1. Rounded to the nearest 500, what is the 222 nm mean residue ellipticity of the chain from helices alone, with -39500 (n - 2.57) per DSSP H run of 4+ residues and division by all residues?
2. Have a look at Ile167, Ile310, Ile241 and tell me which one the Gaussian network model of the chain (Cα, springs below 10 Å) gives the largest fluctuation.
3. Computed from the mean reciprocal separation of all distinct C-alpha pairs, what Kirkwood hydrodynamic radius does the chain have, in Å?
4. Compute the relative contact order of the range 234-288 as a whole-number percentage, counting only Cα pairs closer than 8 Å that sit 6 or more residues apart in sequence.
5. From Cα pairs below 8 angstrom and at least 6 apart in sequence, can you work out the relative contact order of the chain, rounded to a whole percent?
6. Round to a whole angstrom and tell me the spacing of the C-alpha centers of the range 87-144 and the range 230-281.
7. When only Cα pairs under 8 Å and 6 or more residues apart are kept, what is the percent relative contact order across the range 165-237?
8. What does the charge dipole of the chain about its Cα centre add up to, to the nearest 20 debye, if the Cβ of each Lys and Arg holds +1 and the Cβ of each Asp and Glu holds -1?
Amino acid sequence: MAFKGSLSMSLEGDFDPSTSDAPNNPFRTLYKFARPHTIRGTILGSIAGTVRALLDTPSALVGVNWSSLLPRAGIGVVALLLGNTFITGINQIYDIEIYRLNKPFLPIASGEMNNKMAWLTVGTAGLVGPWIVYNFFPLLLFKLYMVGWGLGAVYSVPPLRTKRNPILAGLTIAVVRGFLLNFGVYYAVKDALGAVFSWSPKVTFVARFMTIFATVIAVTKDLPDVEGDKAYNIDTFATKIGVSKIAGAATFLLFLNYVAAVTTGLLSRDAFNLVPMVGGHAALGATLLFRYSQLNADSGPSIKKYYKNIWDLFYLEYVLYMLI
């Protein structure tokens, strides 16, 4: 029973509240509404980008006003989490019928959160997040934030509803979680330090690597949702091509991403720390192949576990980013 429960909890790198004895309360409901697995990705991305910017600007750290820098960093993380909540929340509102089939444990689908509270939460997050960025950060970051805000909205909201097109859906997630988050955090820290932004090899690498990784997530996120997507005529690569082929293609693309990372490290020895850059990515690439070998494309729990493993690798990449 414990093994079965652990698989149920693996959906989208998240947990299934039906397997937990913890009582529901307003804070827990909001936490689930914001999708914890995406929150972890946002927080880790923020921490990694901040650490990377600090490590890349040692001269600017002399005499830095930490009492000003740290609160600003905290405010930035709040703005990112609000943006995260806005995008994931509005998706749950417009896809409620699909989620009742695919993810019945989510707050709106389960009835734990009513529609009025959902709209209040999304509206608050969607207004306060941009206000924070506009008032505390450079205009460029506000513009980039609003690009992500807009892409996240049209992903779910008619008439555009880009999630209906697998290519547009993939591009949306790749741009928002792959490029905008990593570039934005790094740029914000550089600006706070009074340092000039430049595309260092490490920043260039992670922007490229995580954009490709986010594309893989955009494709694999639909693997556990085939039943509901077919029922509501949502075209995804998984519904069109099949779970087995898409998982194989996604694994192959992500493995090539790891091979490119190892190659980059070997060809640019002076720009990277070789142990994490080469050894770390080789280890994660091997882990990816091992976990793929365990996938049973005809088993719902196995598909969910495979998708959770993709997110685990995504989190670990941010650890390597701070070390490379």
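FYI, it's all coordinate maths here, none of it is from the lab. Here the structure is a predicted model, which means the values were calculated and not measured. When we count neighbours, we look across all protein chains shown, and the Cβ atoms used for this are built from the backbone with ideal geometry, even at glycine.
1. On the way: 16 runs with 229 residues, N = 324.
That comes out to -23000 deg cm²/dmol.
2. Greatest mean-square fluctuation among the candidates belongs to Ile241.
3. Details: mean 1/r = 0.0487 Å⁻¹.
Every distinct Cα pair counted, the radius reaches 20.5 Å.
4. Worked out over the range 234-288, it gives 32 percent.
5. 22
6. Here the answer is 29 Å between Cα centres.
7. Relative CO of the range 165-237 lands at 47 percent.
8. Dipole of the chain, to the nearest 20 debye: 180 debye.
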